[in-house]
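**Student:** Here you go, one structure.
Only the coordinates and a few stated rules stand behind these numbers; no lab work does. Just so it is clear, the structure is predicted and the values come from calculations on it, not from any experiment. Neighbour counts run over all protein chains shown; Cβ positions are idealised from the backbone, glycine included.
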Amino acid sequence: MCGIVGYIGNREATPILLSGLKRLEYRGYDSAGLALLEDLPRAVSTNGHSSSLINSTRLVIEKCKGKVTDLETLSARSPHHSTIGIGHTRWATHGIPSDTNSHPHTDQQERLAIIHNGIVENYSHIKDRLLARGHTFRSETDTEVLAHLIGEFYAEKQNLTEAVRLALNEVVGAYGIAVVAADSPNEIVCARKGSPLVIGVGNDNDYFIASDAAAIIAHTRQVIYLSDNEMATVSRSGIKTRTISNIEITKQVEVVEMELEAIEKGGFDHFMLKEIHEQPQTITDAMRGRVIEEEGNIVLGGLQNHLDALRQAKRLIITACGTSFHAGLIGKYMIEQYARVPVEIEYASEFRYRNPIVNDDDVMFGISQSGETADTLAAMREGKRKGALALGIVNVVGSTIARESDGGVYIHAGPEIGVASTKAFTSQLTVLSLLTIMLGRMRHLSVVDGRSMIRELLEVPEKAQSILDDTESKIEEMAQIFKDAANFLYLGRGYNYPVALEGALKLKEISYIHAEGYPAAEMKHGPIALIDENMPVVVVAPQDDVYEKVLSNIQEVRARKGHVIAIATEGDEQIKKLAEQVIFIPQTLPLFTPILSVIPLQLLSYYIATARGCNVDQPRNLAKSVTVE
Ligand code: M6R
């Protein structure tokens, strides 16, 4: 989704802004732009005969539809020297991707420029008012309306911070913004509500602004996170923070732990492939320091203050979106089987608006890689408002969901840059496995069973590595066979039904092939009508409790000439006779199978997408973190 970068200091701003924007490309975007405040020496006549040079500042805007490299080319055509500027990558919400709709946007007088993540929900109301006052608009965006509104207040107050503050008091919606003005050349004003914003404190009186710390950690690790309804005026001499209701506040400087190498490709062609290959390590990292094998138990630091609530909970509610939702669905199966607590799972976007029943003794888990997904955040807030304990299962440290939750568990997968989530999914499943054992041990699970589950789980990273080692080249070849299919069906049962959903989501996200995931037995209730000799059907069929049933489903596909690609357990001779293609995965306990069975599906999507020439790391129309509802 949209990205923000800002810089003020003593160095040339353009390269800092462009490299920051490149670090944000993974979030998904369709256009990019910069606003710079350029110092121009200007000759003024002093006594009618002689003249002297004074500095005046000019607002320069460069923006275009397309990639940051297009913006770089545009910018190189006529370089501007500036030590203060803001940059943006836009993911279209209001108005098509176009040069005009790209950010930054300016006010009526073109004195100031703004970049904005989020949505101004009441923009048409404000726009009507401004139109009546003679304003004219170039773009179709809500952001330009906000620029004009700030401009109105700026003309009146001659103070940029105050102008931004007053305008934001009229805004309904979500924003992370940064604003510069030609006649306030020594400050950037930024603010947040519902869309993350971080300010980096450099070593040399220089400051950075970003919607994601990844954009600035090459320069500094000292950061201030703005919270909702807070704003900052950032100048070369420091940062002043206040709320948008004008109460001055003091913010803590925190240290970001993220390593630069972790956000680089490390020799792989794409971040997605790198992240698929990181999984043996990231699964291990999700367990690190949390397992007490001898006691058959688990310690999750961020839940220690809530053990009574978890022990007494009559019901758990899991809420999430996309891939995180699929992890949650597997979590429901695991927890209900081993801890015998009812678990409701719901898409966050549904939960937040349907007036759900929430009891005081419910415990809610929000699962989110980014920790910024607007629907998940809103669903968590709604659950909290209604009395539930709200806990997060989150990857990004310091993200909004992490900070707003009553407690929670980090999955420790490291930065996930590829838009299609891979390693975060298996880390979420690992944490849900730990949670299952912990909740089970609070209830009916014996120490012996806890121990044997832990032993199995500890072997999963090595098994994940063997899948990568043994299956990747075969999957790459298979991708050549199936890359031109128009549709795919994914089937699975029990723990592997959500894996089928996830496999289908991965394929459609990055290859643009239509794919559906189904519980295998549901096929005969409708989707079977689609099966013919052109339909590849991926069946996740490990040897578990429902294995024989899945074999029958495979027979049903074959009888209609569908092409079966099976994900099966090593040593399964029977399935070789039924399926056209088989990818083997090592045996494990059924509840841990999804951590392994999803890996071949990730690879299959990746190789099909690259065979079709798709941009796997930045698929069209998709954003890494969906901060609008
Ligand atoms: O950051 P989150 O886990 O909250 O994101 C949720 C979904 O937007 C995300 O999983 C999305 O479906 C991915 N593109 C999946 O690959």
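**Student:** Hey, which of these cross-link pairs are over 24 Å Cα-Cα: LYS314/LYS384; LYS386/LYS506; LYS265/LYS423; LYS506/LYS624? Before the final figure, lay out the partial values.
**Tutor:** Working: LYS314/LYS384 16 Å; LYS386/LYS506 34 Å; LYS265/LYS423 14 Å; LYS506/LYS624 13 Å.
Flagged as over cut-off: LYS386/LYS506.
**Student:** Helix 593-611: angle to the longest alpha-carbon principal axis of the chain, degrees 0 to 90, nearest 10?
**Tutor:** 60 degrees
**Student:** Once you have the alpha carbon radius of gyration of the chain, what is it after dividing by 2.2 N^0.38 Å, with N set to its residue count?
**Tutor:** Values: Rg = 26.5 Å, N = 629, 2.2 N^0.38 = 25.5 Å.
Normalised Rg, Cα atoms only: 1.04.
**Student:** In addition: Could you give each residue of region 575-587 its phi-based ³J(HN,Hα) in whole Hz, using Karplus coefficients 6.51, -1.76, 1.60 with θ = phi - 60°, and x for Gly or Pro?
**Tutor:** For region 575-587, the Karplus-derived couplings read 5, 4, 7, 9, 9, 5, 10, 10, 10, 9, 10, x, 5 Hz, x marking Gly and Pro.
**Student:** For region 139-162 and region 547-561, compute the distance between their C-alpha centroids and round to whole Å.
**Tutor:** One Cα centre to the other: 63 Å.
**Student:** Also, quick follow-up: Using Cα atoms only, what is the angle between the long axis of helix 497-511 and the major principal axis of the chain, expressed in degrees (0 to 90) to the nearest 10?
**Tutor:** 40 degrees
**Student:** Hey, what angle do you get for helix 374-385 against the long axis of the chain, alpha-carbon based, 0 to 90 degrees rounded to 10?
**Tutor:** 80 degrees
**Student:** Could you grab the relative contact order for the chain? Cα pairs under 8 Å, six or more apart, rounded to a whole percent.
**Tutor:** Rounded, it is 12 percent for the chain.
**Student:** Could you compute the net charge surrounding GLU230? Neighbours are other residues with a C-beta less than 9 Å from the C-beta of GLU230; K and R count +1, D and E count -1. Display every interim value, and only then the final one.
**Tutor:** Details: positive: ARG192, LYS193, ARG242, LYS251; negative: ASP228.
Charge balance near GLU230 sits at +3.
**Student:** Between region 581-612 and region 214-267, what's the alpha-carbon centroid distance in Å?
**Tutor:** The distance from the Cα centre of region 581-612 to that of region 214-267 comes to 38 Å.
**Student:** Among rounded, prolate and oblate, which fits region 261-305 when a ≥ b ≥ c are the square roots of the eigenvalues of its C-alpha gyration tensor, a/c under 1.5 means rounded, and a/b larger than b/c means prolate?
**Tutor:** On the way: a/c = 4.53, a/b = 2.66, b/c = 1.70.
Prolate is the answer for region 261-305, as a/c is 1.5 or above and a/b outweighs b/c.
**Student:** Let me ask you something else. Quick one: check the C-alpha center-to-center distance for region 447-503 versus region 358-427, whole angstrom.
**Tutor:** 25 Å
**Student:** Please state the relative contact order of region 469-629 as a whole percent: Cα pairs under 8 Å, 6+ residues apart?
**Tutor:** RCO, region 469-629: 29 percent.
**Student:** If you count, for each residue, the other Cβ atoms within 10 Å and average over each peptide, how do 190-198, 337-345 line up from highest to lowest?
**Tutor:** Values: 190-198: 25.8, 337-345: 18.1.
Ranking the peptides 190-198, 337-345 by packing returns 190-198, 337-345.
**Student:** So which of LYS67/LYS157; LYS22/LYS127; LYS251/LYS332; LYS157/LYS193; LYS67/LYS508 end up more than 30 Å apart by C-alpha?
**Tutor:** Working: LYS67/LYS157 37 Å; LYS22/LYS127 32 Å; LYS251/LYS332 39 Å; LYS157/LYS193 23 Å; LYS67/LYS508 22 Å.
Checking Cα-Cα distances, LYS67/LYS157; LYS22/LYS127; LYS251/LYS332 exceed 30 Å.
**Student:** What is the dipole size for region 469-629, taken about its Cα centre, with +1 at each Lys and Arg Cβ and -1 at each Asp and Glu Cβ, in debye to the nearest 20?
**Tutor:** On the way: 15 positive and 22 negative charges, 88 e Å.
So the dipole magnitude of region 469-629 works out to roughly 420 debye.
**Student:** Given the convex hull of the Cα atoms of region 265-458, what is a quarter of its surface area in nm²?
**Tutor:** Details: hull surface 40.4 nm².
Averaging across all directions leaves 10.1 nm² for the Cα convex hull.
**Student:** Report the local net charge at GLU110: Lys and Arg +1, Asp and Glu -1, summed over other residues whose C-beta lies under 11 Å from its C-beta. Mind dumping the intermediate values first?
**Tutor:** On the way: positive: ARG58, ARG111, ARG138; negative: ASP107.
Surrounding charge for GLU110 is +2.
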